[in-house]
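Here the structure is laid out as structure tokens; the discussion comes afterwards.
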Amino acid sequence: MNCKYILLNDGKKLIDLIQSIPQNSLVSFDTETNCLDSKKAKIVGFSFCWENSKAYYVPIGHSYLGVENQISHNDAKKAIQLLNTHRLILQNFKYDLEIVRNNFDIEIKLFADTMIMAWLLNSDKPVGMDKLALRLLDGYTTIAFKDVVKKGEDFSSVTIHHACIYAAEDAFITFRLYNKILELFKKNDEEYLMKIANQIEFPFVNVLNNMENKGIKIDISFFETLKVNSKNNLTDLTKSIFELAGQEFNINSPKQLGEFLFDTLKLTASKKTKTGYSTNESVLVKIKDEHKVVPKILEYREAFKLYSTYIQPLLELGKKNEKNKIYTSF
């Protein structure tokens, strides 16, 4: 697939080009940012494409020594407002919606989300852009993010030249994916799926986005009490396990637990690997009737997971927010 990737770092040329796009065109659109957290991310640039032979990149927030000319915030905002008058196609619209809203106070309008379309086409297969390009676009290999952004850095440190190739390709691939998936819907006699997308799936993205922005308020005092009770329960379970075991060991260490169960107690072990015995849940369930300590270990694991994965983290997140709200990504 041959496509020319064009850098637009002159405000007048940018606006003139966008104004030349035929009215109500299909335009793929993508943003580049300095982090994955859409609530904190600053936009670094954006790309767009409305034909099969050209795609464009607009740099806004690159920051490195000797950085070339970039588009001003005002020109970038005007450009996005103009693009928003067309039928916008995005890959994972929810993320870009948040980025453009937070950085420009613009509500971009979705015409189609290729990620959702791909899920409707094959719900059991990956829907990330890289995997979709490989699967649907004749084995096309996209430029990997890790090959553009150095470890420990973000997209703002990428040279504008390399950023243009990477970002414009994203817009180009999104444009091609939209047309390819439509073609496959028709080929499979599944054009009704676009009706489902337009009536249910695409509008639901806004529902999810609103849920994310509203957040979930948690009862801090309830979680404080729950944390204390859970900690006490873990202490009691640990004491019971050590009494039944006749010795102490690190219950959270698969290596130490495996050695105790299968070397010391000689319980029925699964095949031993280079890293030691397997002590996952299915293994422990099989041997729970062989020794009284095993059910207690299973009970401890469940209690520890509730404490470490849910109770403590949710409490900490709630305390960090002045309204005691936690925010997630759906």
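In segment 21-51, what residues are open to solvent by 40 Å² or more (accessible area, probe 1.4 Å), of a type in the set (A, V, I, L, M, F, W, C) and over 23 Å from PHE111 (Cβ atoms)?
Selection gives CYS35, LEU36.
Just checking, which of GLU248, GLU290, GLU243 is in a helix (DSSP H, G or I) and of a type outside the set (A, V, I, L, M, F, W, C)?
Answer to the selection: GLU243.
Only one of (1) free of Cβ contacts under 8 Å to residues at least 24 places away in the same chain; (2) hydroxyl-bearing (Ser, Thr, Tyr); (3) within 27 Å of GLY45 (Cα to Cα) is not met by THR174, so which one is it?
Condition not satisfied by THR174: (1).
Could we say that ASP113 is surrounded by 13 or more Cβ atoms within 10 Å (Cβ to Cβ), more than 24 Å from LYS4 (Cβ to Cβ) and charged (D, E, K, R) here?
yes
Go through segment 52-62 and report how many residues are open to solvent by 20 Å² or more (accessible area, probe 1.4 Å), part of a loop (DSSP other than H, G, I, E, B) and modelled with pLDDT of 95 or more.
Total satisfying the criteria: 2.
What do you reckon, is PHE242 surrounded by 14 or more Cβ atoms within 10 Å (Cβ to Cβ), in contact with an Asp or Glu (Cβ under 8 Å, 6 or more places away or on another chain), at pLDDT 95 or above and not aliphatic (A, V, I, L, M)?
Yes, satisfied.
Criterion first (outside any helix (DSSP H, G or I), in contact (Cβ under 8 Å) with a residue 60 or more places away in the chain and over 30 Å from GLU32 (Cβ atoms)) does GLU190 satisfy it?
The answer is yes for GLU190.
So is LYS180 open to solvent by 70 Å² or more (accessible area, probe 1.4 Å) and either out of contact with any Asp or Glu (no Cβ under 6 Å at 6 or more places or on another chain) or among the aromatic types (Phe, Trp, Tyr) (or both) or not?
No.
Is it the case, given these coordinates, that ASN69 is in contact (Cβ under 8 Å) with a residue 40 or more places away in the chain and open to solvent by 30 Å² or more (accessible area, probe 1.4 Å)?
yes
Looking only at segment 258-269, filter to residues that are assigned to a loop (DSSP other than H, G, I, E, B) and either in contact with a His (Cβ under 7 Å, 6 or more places away or on another chain) or under 20 Å from ALA303 (Cα atoms) (or both); which one of those is most open to solvent (accessible area, probe 1.4 Å)?
Across segment 258-269, the extreme among qualifying residues is LEU265.
Do we find that ILE99 is open to solvent by less than 70 Å² (accessible area, probe 1.4 Å) and closer than 23 Å to VAL207 by Cα in this structure?
yes
Restricting to segment 2-25, what's the tally of residues that are modelled with pLDDT of 95 or more and within 16 Å of ALA168 (Cα to Cα)?
9
Would you point out which residue out of LYS272, LYS217, LYS296, LYS255 is of a type outside the set (S, T, N, Q), in contact (Cβ under 8 Å) with a residue 40 or more places away in the chain and loosely packed, with under 14 Cβ neighbours inside 10 Å?
Going through LYS272, LYS217, LYS296, LYS255 in turn, the sole match is LYS217.
With respect to PHE111, is the statement that it is of a type in the set (Phe, Trp, Tyr) and in contact with a helix residue (DSSP H, G or I) (Cβ under 7 Å, 6 or more places away or on another chain) true?
The answer is no for PHE111.
Test each condition in (1) open to solvent by less than 20 Å² (accessible area, probe 1.4 Å); (2) within 29 Å of the chain's Cα centre (by Cα) for LEU14 and report the one that comes out false.
Going through (1) open to solvent by less than 20 Å² (accessible area, probe 1.4 Å); (2) within 29 Å of the chain's Cα centre (by Cα) one by one, LEU14 breaks only (2).
What are the residues in segment 130-177 that are of a type in the set (S, T, N, Q) and either open to solvent by 80 Å² or more (accessible area, probe 1.4 Å) or touching a His at 6+ places or on another chain (Cβ under 8 Å) (or both), if any?
Listed by number, the residues that qualify are THR141, SER156, SER157, THR159.
The values are calculated or read from the model by the stated rules, or taken from the named source; none is laboratory data. The structure displayed is predicted, hence computed values, not measured ones. A quick note on method: Cβ atoms are made from the backbone with ideal geometry, for glycine too, and the neighbour counts reach across all protein chains shown. Just the protein is used for accessible areas: all its heavy atoms, side chains included, with ligands, DNA and RNA removed. Shrake-Rupley method; radii C 1.70, N 1.55, O 1.52, S 1.80 Å.
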